[in-house]
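Okay, structure first, notes after.
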Amino acid sequence: MREKTRAADTRETEKLRLSLTDMAFEGGAIGRHDGQVVFAAYGIPGEEAVVEIERRSKDYLMGRVVEVLSPSLHRVDAPCPYYGSCGGCQWQHIDYPFQLELKARVVGEQLRRIGKFAEPSVAATVAAEERWHYRNHARFSTDRQGQLGFVSLLRRRFVRIDHCRIMHPWINGVLERLQGKCAGLHQVAIRYGVRTEQALIHPSLKEIDDSIPSGQTSYE
């Protein structure tokens, strides 16, 4: 089924009703339309969904699920309020045990398709000890107002982030102090040593907040 609508910016958008059959290595579910592969962000294999196409090439289409017609039993509510707008996370809508299963399936499929292994043996994915606030490195984009955030998955639009659920609390603390103050910068990179409690922050932010250590060339 094909539906066409007119977007607010007057560009034509296209919506396809698809059966999603598998998961791609980049994180989108896979469907097909008229023999062409469609990568559908925020889908789950086994679902039937309406996918809005946002990118086109001669070999494939890329889009995002905008309506789930037949939800997977593994679909859950994403805990992050930015999920679906921010492009940082792609699987929060999938329950964690099934995420682990999908990762092993994706590895096996890549070994078959690219490595030409007939029956690759793939061990079960090891579950993470911490699912939230584990990440010790962030690269935030900025906008003209000096806000910090990330960009959306497909359209690459800026999304202000005030708290990231996967970032270490120390990084979120720095984010809170810098939010809205970074006009003129392109990006701000923050790395935190969980064991050493040392930090690397680039570029130098002394003119913005000299109480935050920044501009280091290496850990001490």
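The values are calculated or read from the model by the stated rules, or taken from the named source; none is laboratory data. Everything numeric in this text was worked out from a predicted model, so none of it was measured. All Cβ positions, glycine included, derive from the backbone under ideal geometry; neighbour counts span all protein chains shown.
Could you list all residues from region 30-50 that are over 13 Å from LEU153 (Cβ atoms) and either in contact (Cβ under 8 Å) with a residue 24 or more places away in the chain or polar (S, T, N, Q) (or both)?
Passing the criteria: HIS33, GLN36, VAL37, VAL38, ILE44, PRO45, GLY46, GLU47, GLU48, ALA49, VAL50.
Can you list residue pairs whose Cβ atoms sit under 8 Å apart, with the first residue in region 89-111 being closer than 19 Å to LEU73 by Cβ and the second being surrounded by 17 or more Cβ atoms within 10 Å (Cβ to Cβ) and among the basic types (Lys, Arg)? Count only pairs 6 or more apart in sequence or on different chains.
HIS93/ARG75; ILE94/ARG75; ASP95/ARG75
Scanning for something in a loop (DSSP other than H, G, I, E, B), within 24 Å of TYR82 (Cβ to Cβ) and more than 23 Å from the chain's Cα centre (by Cα), does region 156-176 turn up at least one residue?
No - not one qualifying residue is present in region 156-176.
Which of the residues spanning region 69-86 are outside any strand (DSSP E or B) and not polar (S, T, N, Q)?
Residues satisfying the conditions are PRO71, LEU73, HIS74, VAL76, ASP77, ALA78, PRO79, CYS80, PRO81, TYR82, GLY84.
Of all residues being part of a loop (DSSP other than H, G, I, E, B) and of a type in the set (A, V, I, L, M, F, W, C) in region 87-100, which is nearest to PHE140 (Cα to Cα)? Just the residue, please.
My answer is CYS89.
Residues that are in the same structural domain as HIS93 (by TED's automatic domain parsing) and within 20 Å of GLU109 (Cβ to Cβ): find the strands (runs of 3 or more DSSP E) completely inside region 20-68 holding 3 or more of those.
Answer list for region 20-68: 29-33, 36-41.
Suppose we filter region 37-57 for residues that are surrounded by 11 or more Cβ atoms within 10 Å (Cβ to Cβ) and modelled with pLDDT under 95; how many remain?
Selection size over region 37-57: 3.
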